[in-house]
Amino acid sequence: SDFDDVLVTKLDRASCYVGANDLITYTLTISNQGAAAGNNLVITDVLPAGLSMVTYTASTNRTPLTITVEPAVNATNNLLWNISQLAPISPFVNNSHSMITLTVVARVSSTINAAISLTNQALLSYDSQLGSGPVAIQRDYSGGSHSAAVQTVPPTALLKTSSPLTATIGQTVI
């Protein structure tokens, strides 16, 4: 029996530091690891406060790729893509998957605070059949979620030393 198994994975430069107005590139990979198509894919990229999308590109090793809804430039919060279908590789091979790659470039706000974590989450849902298949057969699925995080630059530390370490009244401290 054919089955679908569509997953989302999200990558960035984990644990790196970013500053105000920096660009961050996230790569979302949606792969069909099953033998049946995933239909009506809804991909949501939840940008944390302080980030806005500059641009994105989409590519696939399957054609055609029909994106019916896409986020606008400078979008914040939930970026949303609707993709009609991700068909499997045919004939099915266990270690060869069809995939869509979304590369998202986001800008860090010029007013971002220092030393905060910017956790970014991607989510996927899809249907087992195109259209409104038989109720007993059509199923809604979650392709899971995946997150990645970066850290804003730590605040600058101010260190003050004096010589001598202990001063008496009237003594000059350098």
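Here are the numbers for the structure shown:
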{"item": "Distance in nm between pseudo-label sites at Val73 and Ser96 (7 Å out along the Cβ direction from Cα)", "result": "3.9 nm"}
{"item": "Ranking by accessible area, most exposed first, for Asp127, Asp22, Asp45 with a 1.4 Å probe", "result": "Asp22, Asp127, Asp45"}
{"item": "Amide H contacts under 5 Å for Asn61, placed H, 5+ residues apart", "result": "Met99"}
{"item": "Inter-label distance, nm, simple model (7 Å from Cα along the C-beta direction), Ala149/Ala115", "result": "1.6 nm"}
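The values are calculated or read from the model by the stated rules, or taken from the named source; none is laboratory data. From a predicted model like this one, the values you see are computed outputs, not experimental measurements. Cβ sites come from the backbone with ideal geometry, for glycine too, and all protein chains shown count toward neighbours. These accessible areas exclude ligands, DNA and RNA; they are computed on the full protein's heavy atoms, side chains included. Shrake-Rupley method; radii C 1.70, N 1.55, O 1.52, S 1.80 Å.
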